[in-house]
Every structure is written in C-alpha cells, then in structure tokens.
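A.B. asks: I'd like to ask you about the structure that follows.
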Amino acid sequence: MGLDLCLEAPSLLASLATASLNLRFYDPLTCEKLLSYSELAHARKEAQQEVLLERQKTELERKKVDRLAQKLRSLGIDPDTVDLL
C-alpha cells in the first residue's frame with residue numbers, strides 16, 4: 001500500500017522525557033498522516049450522526065409536503081397538476 005510509519009512528537013527531548021511517542025502511518029507520496037483507530041471511529045460516528053440528522057430533516061420535509069398536498073386535495077385541487085411557477 002506504500003505506507004510508512006512516522007514518529008509524531010512535538011520535540012524529541014520532550015517526548016523522551018514523557019515517554020509518550022506516537023507512531024502514525026502516513027503516505028510518503030502525499031505526506032498525509034492517516035487517522036488513528038480512535039480518530040477514525042470518532043469521524044465515523046460524527047458522519048453517522050450527520051446522516052441521521054439529514055434523514056430526519058428529509059422525513060420532516062416529506063411530512064410537510066404530504067400535509068400540504070392533503071390540504072390542496074381537500075380544497076379540490078390536484079397537487080400533481082399545480083403549476084408552481
């Protein structure tokens with residue numbers, strides 16, 4: 001896949017003192033650091049929440065359209081033949 005490991009530390013001396021070195025995969029062609037497992041899980045969860053919100057918005061809009069169509073029908077107007085412009 002062409003991935004390499006890079007050492008992610010603010011400074012080598014500071015990281016040696018705290019012993020908190022993080023190894024990260026990165027793509028040497030693009031120099032892009034890849035997400036860690038926890039970052040990927042967090043990003044996936046956020047994306048799923050956004051999808052859920054969009055589905056809820058779509059459902060609300062669909063219900064609104066259905067209510068308006070029903071109101072038009074009660075007035076004797078066929079909502080499928082109404083010219084919107």
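The values are calculated or read from the model by the stated rules, or taken from the named source; none is laboratory data. All of these numbers come straight from a predicted model, not from anything done at the bench. Neighbour counts run over all protein chains shown; Cβ positions are idealised from the backbone, glycine included.
A.B. asks: Answer yes or no: is there a residue in the range 37-44 that is modelled with pLDDT of 95 or more and exposed (fewer than 11 other Cβ atoms within 10 Å of the Cβ).
C.D. replies: Scanning the range 37-44 turns up no residue that is modelled with pLDDT of 95 or more and exposed (fewer than 11 other Cβ atoms within 10 Å of the Cβ).
A.B. asks: I've got another one for you. Checking the condition modelled with pLDDT of 85 or more and within 33 Å of the chain's Cα centre (by Cα), which residue from Gln70, Gln49 passes?
C.D. replies: Gln49
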